[in-house]
Amino acid sequence: MKKGWIALSAMAAFYVTASASDALIEQAKKAGLKPIPENKSELYRVIDNPKNPITSAKVRLGKKLYFDPRLSKSGLISCNTCHNLATGGVDGVDAATGHKWTANPHHLNSPTVYNAVFAQKQFWDGRSPDLEDQAQGPIQAAPEMAATKEHVEKVIRSIPEYVKAFKHAYDDPKFVPTFKDVADVIAVFERTLVTPSRYDKFLNGCDKALSQEEKEGLKIFIDKGCASCHNGIALGGTMQPFPVAGTYKYANVGDFKGDKNGMVKTPTLRNILETRPYFHNGAVWNIEEAIEIMAETQLGTKLSKDEVKKIKAFFGALTGKKPHVSYPILPASNEKTPHPSLD
């Protein structure tokens, strides 16, 4: 009889837990939170760009170019320099540092490239609508890769293996790659850099995917209003006013004030524990301090230490599985390839 009561009690506890989880999932979805699609075809519908369709040939070529430092003026800096796929898709410094060891003049931090495809806008001021447009910027920016379009085209066209790869990727034997084509295939590769996590499994109905503390953190995250900006698949990626309810205590670090309307792109929270330092100016290194600042600055509220601890625990569930990326062997330069310049 005693065993029977134990079994019934366990069963009742299971149903209470499952019911609570179902209610939390429903609350999350009502708050605008969305999982990364589990189905591959559904995922590709979300991450693909009809104007620049994803193909395996473009992904392979874009991957090589993402890692190729010869696209930069110095021959030393690649996309992976500031968006290192081994370190959360960021460089781990407070201000992006590029050509001639130049820090970003506005003291802007490098956002992660992982899951950037889910963002509605690119760059902190949202000036690019998609990854294709965004990829053109850093290559040409003086404090970053400092290259010209002509330099990039000369590099690519001087290397027969790249010319052949572009002809194959675009199924055109007469194809002559341009600067835009280089940015386009890099963007295609970046579109595949998505990181599904335990959080996604939970939203897709797997109760055991999150611990009790993580679930409590998710509920606090929703109840306090964090999800009003950090929502969608990206848990961010839209333009929002900053600051709203209070003064950002590190506003004097750099001179960035957002776009012309004072709007700033909300960073993704996916893999947030791997992408310190935080904020547009990289002024905060401790995630608990970042959580406290956001509550006070954006929501006009002060969180308890326990609430901060539980939100941090929830953030741990956002650490996703990275796609396997092996470092590519790049085709050799030759006498026609432009020489690097440190000037």
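Computed from the coordinates by the stated procedures, all read-outs in this text should not be read as laboratory data. A quick note: this is a predicted structure, and the numbers were derived from the prediction, not measured. Please note: Cβ atoms are built from the backbone with ideal geometry, for glycine as well, and neighbour counts cover all protein chains shown.
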Proxy reagent accessibility, fewest Cβ within 10 Å first, across 260, 149, 336, 219: 260, 336, 149, 219
287, 186, 77 arranged by Cβ crowding within 10 Å, fewest neighbours leading: 287, 77, 186
Taking the chain and dividing mean pair separation by its residue count, relative contact order in percent (alpha carbons under 8 Å, at least six apart): 24
Residue 228 versus residue 261: modelled label distance in nm, points set 7 Å from Cα along the beta carbon direction: 1.7
Top positive-direction residue, dipole computed over the range 44-191 with Cβ charges, set 88, 140, 54: 54
Among (i) 1.04; (ii) 1.00; (iii) 1.06, the entry that matches Rg/Rh (Cα atoms, Kirkwood Rh) as calculated here: (i)
Karplus-derived HN-Hα couplings along the range 140-146 (A = 6.51, B = -1.76, C = 1.60, θ = phi - 60°), whole Hz, x at Gly and Pro: 8, 5, 4, x, 10, 8, 6
Point-charge dipole on Cβ atoms (K/R +1, D/E -1) for the range 21-86, about Cα centre, debye to 20: 420
Least to most buried among 339, 106 (fewest other Cβ within 10 Å first): 339, 106
Within a Gaussian network of the chain (alpha carbon springs, distance under 10 Å), most fluctuating of 276, 157, 191: 157
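Over 30 Å between Cα atoms: which of 34/180; 58/321; 201/260; 58/219; 29/64 fall into that group?
34/180; 201/260; 58/219; 29/64
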In degrees, nearest ten, helix 56-67 long axis to first principal axis of the chain (Cα): 80
GNM flexibility winner over the chain from 282, 98, 32 (Cα, springs under 10 Å): 32
The range 44-191, dipole about Cα centre (Lys/Arg Cβ +1, Asp/Glu Cβ -1), debye to the nearest 20: 380
Selected from 283, 141, 317 as most flexible by GNM, with the chain as the system and alpha-carbon contacts under 10 Å: 141
Value of [θ]222 nm, deg cm²/dmol, for the chain, DSSP H segments ≥ 4, -39500 (n - 2.57) each, nearest 500: -12000 deg cm²/dmol
Net charge dipole size for the chain [Lys, Arg +1 and Asp, Glu -1 on Cβ; Debye, nearest 20]: 600
